[in-house]
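The structure appears right after this line, and notes come after that.
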Amino acid sequence: MSPKERLLEIQDKINAAAKRSGRKGSDVTLVAVSKTFPIEDVVSFARLGQVDFGENKIQEFVQKTKDYVDFPGAPPIRWHVIGHLQRNKAKELVGKTHLFHALDSVRLAETLHAQLKESQHTLRCLIQVNVSGEDSKFGLQPSELDSFVDHISAFPTIKIGGLMTLAAPSENLETIRPQFALLRSLSESVQDRLDFTNAPELSMGMSSDFELAIEEGATIVRVGSSLFGERS
Ligand SMILES: *Cc1c(COP(=O)(O)O)cnc(C)c1O
């Protein structure tokens, strides 16, 4: 399939899943995860009208954002950082990131705030929550969320937009559904508790499970291999 056919197929699936959850396809943002793929592929999708792109490694993000700007005639796009960020790389996000999906510690928030304040920027962030209980995953435990959000309110440069998660990989999609449902219910309780009406985003779902995530309320899905092809 051509990039165009792949993009159309994903958009069709997004539309259908959104409809099943009583919403419209336009209520769901598709982030095209371009990690490991060359800048030419990003440009191809951007020329097809894809706006949001995501990278999970900071070094690659820095390189790609530079290469993209230098690419002749590339249309304007928005970059998302979707993976764990080490504190000493915090400055690399400032002024270049539409949305950071992986805020996962108070210390990181503190460092980001210092960088942002110095350069007079703000940053929209999602709080990463570990809903699968796997030790290998980054993210807060659900029980830590309330006090984390209380701490974060001390950092006015950080604009919390909602929550993000990665489900545990599984052949059986029905074991994943409760994990997405949990993120959604956490999001509702955080919004109630803190009057976070401007933090409605739920970033959940990847190539293997984005339709399920949308059925469970995802507002942002992060799709890599189904768009760009298998990563080697
Ligand atoms: C790689 C990645 C994705 C996309 O994964 P695919 O299975 O290729 O769709 C989504 N989210 C994060 C955080 C990733 O690192």
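The values are calculated or read from the model by the stated rules, or taken from the named source; none is laboratory data. Worth saying up front: this structure is predicted, and the values here are computed from it rather than measured. FYI the Cβ positions are ideal-geometry reconstructions off the backbone, even for glycines, and counts take in every protein chain you see. Surface accessibility is based on the protein's heavy atoms, side chains included, excluding ligands, DNA and RNA. Shrake-Rupley method; radii C 1.70, N 1.55, O 1.52, S 1.80 Å.
Figures for the structure shown
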| quantity | calculated |
| --- | --- |
| Of residues in region 188-203 being in a strand (DSSP E or B) and more than 13 Å from the ligand (Cβ to nearest atom), the one farthest from Gly139 (Cα to Cα) | Glu201 |
| Restricting region 11-35 to residues that are open to solvent by 60 Å² or more (accessible area, probe 1.4 Å) and without any contact (Cβ under 8 Å) to a residue 40 or more places away in the chain, the residue that is farthest from the ligand (Cβ to nearest atom) | Gly22 |
| Checklist (1) within 18 Å of Glu201 (Cα to Cα); (2) touching a strand residue (DSSP E or B) at 6+ places or on another chain (Cβ under 9 Å); (3) charged (D, E, K, R) applied to Asp146, failing item | (2) |
| Conditions (1) free of Cβ contacts under 8 Å to residues at least 60 places away in the same chain; (2) more than 22 Å from Leu123 (Cα to Cα); (3) of a type in the set (A, V, I, L, M, F, W, C): number failed by Leu93 | (2) |
| Strands (runs of 3 or more DSSP E) completely within region 91-187 that count 3 or more residues being modelled with pLDDT under 95 | 158-164 |
| Residue match in region 62-69 (condition: farther than 28 Å from Leu112 by Cα, open to solvent by less than 50 Å² (accessible area, probe 1.4 Å) and at pLDDT 95 or above) | no |
| Some residue of region 36-52 being in contact with a Lys or Arg (Cβ under 7 Å, 6 or more places away or on another chain), away from the ligand (no atom under 16 Å from the Cβ), in a loop (DSSP other than H, G, I, E, B) and not β-branched (Val, Ile, Thr) | yes |
| Residue list for region 204-230, restricted to those being near the ligand (Cβ under 7 Å from one of its atoms) and either farther than 24 Å from Ala46 by Cβ or in a loop (DSSP other than H, G, I, E, B) (or both) | Met206, Ser207, Ser208, Gly224 |
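Results for (1) of a type in the set (Phe, Trp, Tyr); (2) over 27 Å from Ala114 (Cα atoms); (3) touching a strand residue (DSSP E or B) at 6+ places or on another chain (Cβ under 7 Å), shown as yes or no for each residue.
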| site | (1), (2), (3) |
| --- | --- |
| Ala16 | no, yes, no |
| Thr36 | no, yes, no |
| Pro75 | no, yes, no |
| His80 | no, no, yes |
| Arg87 | no, no, no |
| Lys91 | no, no, no |
